[in-house]
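Step one of this worksheet: look at the structure below.
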Amino acid sequence: MNKPKVFIANEIPKEAEEYIGKHCDYIMWDFTRRKTFQEIVDIIKDVDGILEVGMKIDQELLKQAPKLKVVSNISVGYNNFNIEDMKEMGVLGTNTPGVLDNTVADLIFGLIISSARRIVESDADTKAGNWKKGEMDKFFGKDVHHSTLGIIGMGRIGEAVAKRALGFDMKIVYYNRNRKPQAEEKFQAEYMEMDEVIKKADFLVVMTPLNDETHHLIGERELQLMKKEAFLINASRGPVVDEKALIKALQEEWIAGAGLDVYEKEPVDRNNPLLEMKNVVTLPHIGSGTKKTRDEMGVVAAKTLVEVLQTGDSKYIVPELRNKQKED
Amino acid sequence: MGKPKVLIGYPIKEEILEYVREHCDLVEMDYSKPITYDDIYEVIDDVEGAVVLITPIDEKLLDKANKLKVVSNITVGYNNFNIEAMKNAGVIGTHSPGILDDTVADFVMGLLISTARRITELNNFVKDGNWKKIENNHLMGNDISGTKVGIIGMGRIGEEVARRCSLGFKMNVSYYNRSRKEEAEKEFGISYKPMEELLKESDFVVLLTPLTDETHHLMGEKEFSMMKNNAILVNSSRGPVVDEKALVKALQEEWIAGAGLDVYEQEPIDPDNPLLKMDNVVLSPHIAAGTQLTYDNLAWNAAKCMVGILEGEEPVNVVPEMRR
């Protein structure tokens with residue numbers, strides 16, 4: 001029997017590559033430059049599986065890949081999947097939930113503390129040689145301990161953030177489509193309507209997946225509900241926040257600052273006003289970015305890809321595409 | 001009887017100045033520019049009480065301050081006190097323990113995460129317009145959750161850091177301290193290790209010892225060479241606890257992966273210090289305790305300690321070396 005053919009579109013650890021090599025034939029992209037659509041088309045015309053990060057999987061691409069059975073995302077978010085198109089073409093999609101929860105939650109706390117305590121700003125000032133005696137209050141920040149943490153979207157990462165907040169004696173309020181009684185008990189988290197969470201939070205952490213319902217979930221109205229001394233933290237997906245509204249809120253001081261790992265457009269535009277703001281911490285979508293976690297994600301995604309190619313099923317098939325074949 | 005004459009050698013909020021004026025005869029000073037040692041020396045003659053932040057209380061000053069009874073430090077560290085000279089002059093020194101613990105512990109975690117996850121470096125990378133492609137394997141940081149942190153100096157701030165690391169970040173916490181802290185061991189699930197073992201095993205080494213003759217240059221070349229290549233040093237105690245020359249060497253020669261520093265051997269830091277050029281080092285200008293709320297609380301404490309002593313109440317928050 002012929003081995004299935006796989007396109008590895010993003011860098012993966014040696015272990016993941018070897019695993020795929022054992023079970024499949026594969027083509028690996030040269031990662032030194034960006035792929036054009038035509039180059040991708042040439043590769044995918046006879047592949048059974050694709051391993052990638054953030055590649056747009058829609059009708060246009062799927063039409064070029066008649067043999068494609070599965071696309072394996074090396075990430076937990078999968079808003080790059082056009083679910084309807086994939087359903088129609090009978091292509092499965094998988095992600096890597098669970099692996100990165102702690103790593104993302106660590107970074108979210110980094111965003112919380114570094115924006116509240118002005119760490120990037122004072123680091124730049126100190127490195128520029130500007131530190132003078134008697135200016136202690138120049139970089140006074142806001143306390144994190146005993147403040148109120150608002151979480152919108154209490155999934156696995158939301159819970160990992162709540163766990164960290166316990167170490168800081170923070171009060172936790174949250175909103176989620178369905179209540180999470182276990183999380184409420186474990187973290188003394190209080191469930192509230194979304195507007196109430198927004199009004200109460202000193203740090204508002206947005207942790208929802210991106211879908212039609214959550215697109216621009218945080219807009220002008222919501223930003224106006226926030227406390228003037230509060231910070232918005234987004235490490236989920238950029239379009240969950242209406243970035244124009246956020247810029248306005250920061251310029252007009254409706255809120256104190258923001259910690260961002262994601263943007264409506266990535267990489268972020270060089271002339272985006274957010275890049276000029278000292279009270280905004282801007283990171284390059286690095287939430288899951290530690291070597292160990294990325295390696296683990298690569299291995300999980302590779303194993304999932306092979307599993308689907310061999311068995312037609314995996315627990316990591318995204319919910320909207322699950323049982324696809326049983327329905328057929 | 002007249003009110004005792006006092007001075008406040010660092011700007012604090014008006015409400016506290018008002019309180020002091022009610023109880024004492026406050027020497028009015030110009031807080032629009034930094035108040036120097038010389039400014040204080042100038043007016044110290046009849047002063048009975050002083051609230052200061054980092055002003056050295058030395059023999060020269062004490063010789064001129066004939067009526068001085070109490071000096072209250074706004075902050076918790078008091079290495080600006082010449083303890084022997086103060087004892088000889090019969091001057092009580094107070095400080096402000098217990099107020100800034102949470103605020104400092106927050107900042108220690110901020111330095112730890114910022115260094116491990118390269119937050120300052122990557123923020124600058126994005127803001128300078130260098131983020132050009134999605135592929136970001138060259139921007140990876142170090143893990144925090146699940147790693148080992150070693151805390152040197154397990155006082156109140158150490159315990160707050162241990163709480164955050166252990167309960168919040170699921171880190172494996174060990175500590176070194178002159179005395180064992182069995183309660184903290186139980187409460188936070190942390191373990192005592194000899195310093196050498198702690199240095200060899202830890203992914204993060206956090207310094208929280210006070211500065212004394214014993215802890216001066218506690219971290220030198222020998223200690224840095226024991227640390228793991230991927231380990232990170234966090235210092236939020238006092239600068240001279242670290243031999244800075246040795247640290248610079250350890251970073252330049254990649255004995256360790258990075259450092260998060262709030263304190264330095266010389267403060268403000270020399271603009272030519274090689275640390276200023278290092279992307280893998282996060283620097284802050286001694287602001288671990290720096291939130292408005294905490295500063296106000298510290299200043300309130302110092303003012304009340306001073307006023308209390310001058311009004312004949314039982315002294316509180318006297319520094320340990322001067323307690324009877």
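The values are calculated or read from the model by the stated rules, or taken from the named source; none is laboratory data. Remember, predicted model here, so these are calculated numbers, not experimental data. Ideal geometry is used to build each Cβ from the backbone, glycine not excepted, and the neighbour counts take in all protein chains shown. Ligands, DNA and RNA are stripped out before the accessible areas are found, and what is left, the full protein with its side chains, is counted by its heavy atoms. Shrake-Rupley method; radii C 1.70, N 1.55, O 1.52, S 1.80 Å.
In the stretch B:159-166, the count of residues that are within 14 Å of another protein chain (Cβ to nearest Cβ) and either in contact with an Asp or Glu (Cβ under 6 Å, 6 or more places away or on another chain) or part of a loop (DSSP other than H, G, I, E, B) (or both) is one or more.
When the test is whether a residue is open to solvent by less than 10 Å² (accessible area, probe 1.4 Å) and of a type in the set (A, V, I, L, M), B:LEU211 does not pass it. For the stretch A:126-136, the candidate set comprises residues that are facing chain B (nearest Cβ under 7 Å) and of a type outside the set (Ser, Thr, Tyr); within that set, the residue that is most open to solvent (accessible area, probe 1.4 Å) is A:LYS133. When residues in the stretch A:223-251 are screened for being touching a strand residue (DSSP E or B) at 6+ places or on another chain (Cβ under 9 Å) and either free of Cβ contacts under 8 Å to residues at least 12 places away in the same chain or on the phi > 0 side of the Ramachandran plot (or both), 0 of them pass. Those residues that are assigned to a helix (DSSP H, G or I), open to solvent by 10 Å² or more (accessible area, probe 1.4 Å) and closer than 30 Å to A:PHE139 by Cβ, I need them from the stretch B:50-103; list them, please. Across the stretch B:50-103, the qualifying residues are B:ASP101, B:ASP102. The listed residues are A:VAL99, A:VAL104, A:VAL144, and the only one of them that is part of a loop (DSSP other than H, G, I, E, B), among the hydrophobic types (A, V, I, L, M, F, W, C) and more than 8 Å from chain B (Cβ to nearest Cβ) turns out to be A:VAL99. Residue by residue through the stretch B:142-158, note down the ones that are open to solvent by 20 Å² or more (accessible area, probe 1.4 Å), more than 28 Å from A:SER288 (Cα to Cα) and not in a loop (DSSP other than H, G, I, E, B). Listed by number, the residues that qualify are B:ARG156, B:ILE157. Say we look at the stretch B:254-304 and pick out the residues that are within 13 Å of the chain's Cα centre (by Cα), open to solvent by 30 Å² or more (accessible area, probe 1.4 Å) and charged (D, E, K, R); which of these is farthest from A:GLY129 (Cα to Cα)? Top of the filtered list is B:GLU265.
Need the failing condition index for B:LEU199 against (1) open to solvent by less than 70 Å² (accessible area, probe 1.4 Å); (2) free of Cβ contacts under 8 Å to residues at least 40 places away in the same chain, just the number. Only one criterion is unmet by B:LEU199, namely (2). Every condition in (1) surrounded by fewer than 24 Cβ atoms within 10 Å (Cβ to Cβ); (2) closer than 16 Å to B:ASN301 by Cβ; (3) modelled with pLDDT of 95 or more holds for B:ASN124 except the one numbered (2). Selection within the stretch B:1-44: residues that are among the hydrophobic types (A, V, I, L, M, F, W, C) and in a loop (DSSP other than H, G, I, E, B). The member of this set that is most open to solvent (accessible area, probe 1.4 Å) is B:MET1. Among the candidates B:ALA302, B:ALA288, the residue that is closer than 22 Å to B:LEU208 by Cα, of a type outside the set (Val, Ile, Thr) and either in contact (Cβ under 8 Å) with a residue 60 or more places away in the chain or in a loop (DSSP other than H, G, I, E, B) (or both) is uniquely B:ALA288. Checking each residue in the stretch A:1-48 for being open to solvent by less than 80 Å² (accessible area, probe 1.4 Å), within 14 Å of another protein chain (Cβ to nearest Cβ) and not in a helix (DSSP H, G or I) picks out A:ILE8, A:ALA9, A:ASN10, A:ILE12, A:PRO13, A:MET28, A:TRP29, A:ASP30, A:PHE31, A:LYS35, A:THR36.
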